[in-house]
1. Restricting to bridges with both residues inside the stretch 75-192, how much of the DSSP beta-bridge set is antiparallel, in percent to the nearest 5?
2. What shape does the stretch 5-116 have by the C-alpha gyration tensor, where a ≥ b ≥ c are the square roots of the eigenvalues, rounded means a/c under 1.5, and otherwise prolate means a/b greater than b/c and oblate the rest?
3. Going by alpha carbons, how many degrees (0 to 90, nearest 10) lie between the helix axis of 167-178 and the longest principal axis of the chain?
4. What angle do you read, to the nearest 10 degrees and between 0 and 90, between the alpha-carbon axis of helix 108-117 and the longest principal axis of the chain?
5. Test of understanding: what is the full-extension gain from residue 106 to residue 72, defined as 0.36 nm times their sequence separation minus their Cα-Cα distance?
6. Would you mind calculating the relative contact order of the stretch 98-184 from Cα pairs under 8 angstrom and at least 6 residues apart, reporting the percent as a whole number?
7. Restricting everything to alpha-carbon atoms, can you work out Rg to Rh for the chain with a Kirkwood hydrodynamic radius?
8. Any idea what the relative contact order of the stretch 64-225 is, in percent, if you count C-alpha pairs under 8 Å spaced at least 6 apart?
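Read-outs throughout are calculated quantities, based only on the coordinates presented, and are distinct from any laboratory measurement. These numbers were taken from a predicted model, which means no experiment stands behind them.
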Ligand SMILES: [Zn+2]
C-alpha cells in the first residue's frame with residue numbers, strides 16, 4: 001500500500017483512494033477479494049499511512065462491493081460495521097447453474113460459459129443486477145459500468161443492443177436520485193478501444209442525468225496509479 005502512496009506522490013496527485021474488493025457468498029474457484037482478516041490489516045495499514053503522509057497526500061480507505069442478491073443483508077452488515085471513505089458498487093459475478101462466473105475475466109473457459117449462456121442475456125442480467133445494487137446498497141460511486149464481458153469478442157454489438165434498452169436509464173435515474181457518482185475508470189484505455197469505462201456515448205447519457213463523476217485508475221500495481229489521467233483531461237477539458 002505504501003508503494004501506491006509513493007507512486008501517487010511521484011505523479012503529483014494530492015489524494016489517493018484505496019478501494020479493495022469485498023464479495024459475499026461467491027462460489028468461484030479463485031478468490032479475487034479480501035477476507036475479513038485482510039480487511040482488518042488493510043484498514044490498520046491505511047490508517048498508519050494516513051498519519052505518516054499527513055499534509056503531503058490525502059489517503060482514503062474505501063471498498064468496492066460486489067453485489068450478490070443472495071447476500072444483500074450480509075453485505076449491508078459488513079458495510080455498516082466500519083466507516084468507509086468511499087463505497088464503490090460493482091457486479092463482477094453472475095450465477096449460472098449454482099456457480100459464479102467472473103464477468104471481467106479473460107479466462108477462456110469462463111468466456112465459453114458466457115458464450116453458451118448468451119452474451120446479450122448475460123449483459124442484460126448484469127445491468128439488472130446493477131440497477132438493484134445502486135438502489136439497495138449504500139454506495140456512493142458505481143464502478144466500471146460497461147466493463148462486463150470486456151474480453152469477449154462479441155461484446156461491442158451486445159453492448160450497443162443493451163444500451164438501447166431502458167436498463168441503463170433506470171440505473172442512471174436511481175443514481176441521480178441518490179446522488180451516486182459514476183466512476184470514469186481509465187483502465188478502459190488498455191481494454192476498451194482507448195476509451196475509459198464507461199465509453200463516451202454512455203458518459204453523454206449520464207450527463208443528461210447530471211451524474212457526478214469520479215476519476216479512478218483501477219490500479220492493481222503501483223505503476224498504474226493515476227494512469228491515463230492526462231489523456232482524460234485532454235478528452236474532457
Ligand atoms: Zn471491479
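1. 50 percent
2. Prolate.
3. Computed tilt is about 40 degrees.
4. 40 degrees
5. 9.5 nm
6. This gives 42 percent for the stretch 98-184.
7. 0.95
8. Over the stretch 64-225, the number comes to 21 percent.
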